[in-house]
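Enquirer: Here it is: the structure, laid out below.
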């Protein structure tokens, strides 16, 4: 019997290139996911600091200025709209304050938002 080895080099080349391409695509997929995660972490930190800024403002108003919220007690938090909130230079950066009065406790929830990332902080005292 006669076996022809014509085309084996082409077959091996295709197998090696396919394997190499699969490895490169797998590694690039992992790298892209890591880049997206790191970008999201940066936005998350900014949103968290915006939420913290809101908490600090309201606690300051309550303790220093004697601010009394216009919210009635209850299980549903109300949004604080009657005090001047900080304005940031970045237009995509903001926060919202929510207050809940449950005697004898006071719960403040601040929701910071930067671009499409939101982070919240809640303080009870």
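Where a number appears in this text, it was derived from the coordinates with a stated rule and is not lab data. The structure presented is a predicted model; accordingly, all values stated were derived computationally and were not measured. Cβ: placed from backbone, ideal geometry, glycine included. Neighbour counts: every protein chain shown.
Enquirer: For n ≥ 4 DSSP H runs only, could you compute -39500 (n - 2.57) per run for the chain, divide by its residues and tell me the 222 nm figure to the nearest 500? Show your work: numbers first, answer last.
Expert: Values: 1 runs with 56 residues, N = 125.
Result for the chain, helices only: -17000 deg cm²/dmol.
Enquirer: Between residue 49 and residue 83, with labels modelled 7 Å along Cα→Cβ, what's the label distance in nm to one decimal, could you check?
Expert: 2.2 nm
Enquirer: Which label belongs to the value computed from this structure, given these candidates for percent of Cα pairs over 25 Å apart: (1) 23; (2) 16; (3) 51?
Expert: After the calculation, the listed value that fits is (3).
Enquirer: Describe numerically, in nm with one decimal, the distance between label points set 7 Å from Cα along Cα→Cβ at residue 29 and at residue 92.
Expert: 2.8 nm
Enquirer: Could you tell me the relative contact order of the range 8-124? Use alpha-carbon pairs under 8 Å, at least six residues apart, and round to a whole percent.
Expert: Values: 149 pairs, mean separation 32.7, N = 117.
Rounded, it is 28 percent for the range 8-124.
Enquirer: Taking Cα atoms, how many degrees apart are the long axis of helix 8-63 and the longest axis of the chain, rounded to 10 and kept between 0 and 90?
Expert: 10 degrees
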